[in-house]
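The values are calculated or read from the model by the stated rules, or taken from the named source; none is laboratory data. The structure displayed is predicted, hence computed values, not measured ones. In this analysis, Cβ positions are derived from the backbone assuming ideal geometry, glycine residues included, and neighbour counts consider all displayed protein chains. Keep in mind that these areas ignore ligands, DNA and RNA; they rest on the heavy atoms of the full protein, side chains included. Shrake-Rupley method; radii C 1.70, N 1.55, O 1.52, S 1.80 Å.
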Amino acid sequence: MTGHSMLGLKPRSKTIMDKLEFALWVVVLGVTISLLGNLLWEFIPKGDEDMLLTLGAILIGICLLLIVFRHASKSQENRSTDSRSMQAPSVSSLRVVDIEDVLMWGWNGRRLLDELIRLDYRTIEGLTSAHEGQTEQWVPVFMDHPDTWRLVIDSHGEIVGYWHFVPLFDDEYQLARTGQLFESAITTDKVKFFELPGKYNAYFVSICMQARYRRTPAMRIIFDSLLDTFTELAREGVFISELCANAYSASGVALSQSLGFTYACDHIDHGKIFTSNFRAVLSLDFAKRHRELIHLYSNL
């Protein structure tokens, strides 16, 4: 899980898997036809070669027809899938969910993190385990601090985006700020107890959205949910002083700059570190609709 994961990958080709599946299906069909032929031949009088040839031709014909039918069905299925994937997805069906929804699905922390890590690898080119981390590492971070993340799901319940930040202790935050922190090193003992009133420095682990949903309405949903959460926290006396992120990709750099973040340094391994005072973010156009949040921070 790494900062500003906004660069999508091309969809994985299913051609090889389709060919392997088709070859396996042909082999199974051939074996089945052969066994059926052997069974029928037991009932054919010995020496009746014409009958044997006719039966063999019929079985071979059936086999070929089934292969052609299977191939045609698979081709039609692929064309239908491609046609659906080219259609613009409905943004109106997107919904923001939190830990309560996840638990209602019957998911545990491991299931949630497996899905998010899979999404990260799909949407971030060149992602490595050193920057992504592992399921076991992230489960307690997510489950201990449910107000540091939200998910965006579509009408089918698929997770199409999410955001996540962590309020790190000072030592870890300074490592992040100077480009020395690896996300794989973030464990729950390095995350401040965020549920107490106070001021915190937050490190953005990820803002992620599937490429097909990177349109203005969908991106507004994910950023509005972020600012809505900051509003809820501010009502309880929880405030953000500074934000820090590792822009892992070129699009991550563009996003950081668009959000008014300032370049701080290069990460020692991969990416560029950006920081921003939270009040500077609130001065941006997209944040001006969140008047209560702006008011709460103006009283600090």
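See the values below:
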| item | result |
| --- | --- |
| Projected label distance in nm at SER129 and ASP171, using a 7 Å step from Cα toward the beta-carbon | 2.6 |
| Value of relative contact order over the stretch 87-198, rounded to a whole percent, pairs C-alpha under 8 Å and six or more apart | 31 |
| Coil-residue GluC sites (Glu not before Pro) of the stretch 125-172, DSSP, other Cβ within 10 Å capped at 12 | GLU158 |
| MET104 versus PHE193: modelled label distance in nm, points set 7 Å from Cα along the beta carbon direction | 3.0 |
| Carbon + sulfur, % of accessible area of the stretch 213-285 - ligands and nucleic acids excluded, 1.4 Å | 49 |
| Exposure rank, largest accessible area first [THR123, THR128, THR262; 1.4 Å] | THR262, THR128, THR123 |
| Area of ASP224 that stays accessible when all protein chains are in place (1.4 Å probe, Å², to 10) | 30 |
| Distance between modelled label sites at ARG291 and LEU64, nm, 7 Å Cα→Cβ extension | 7.7 |
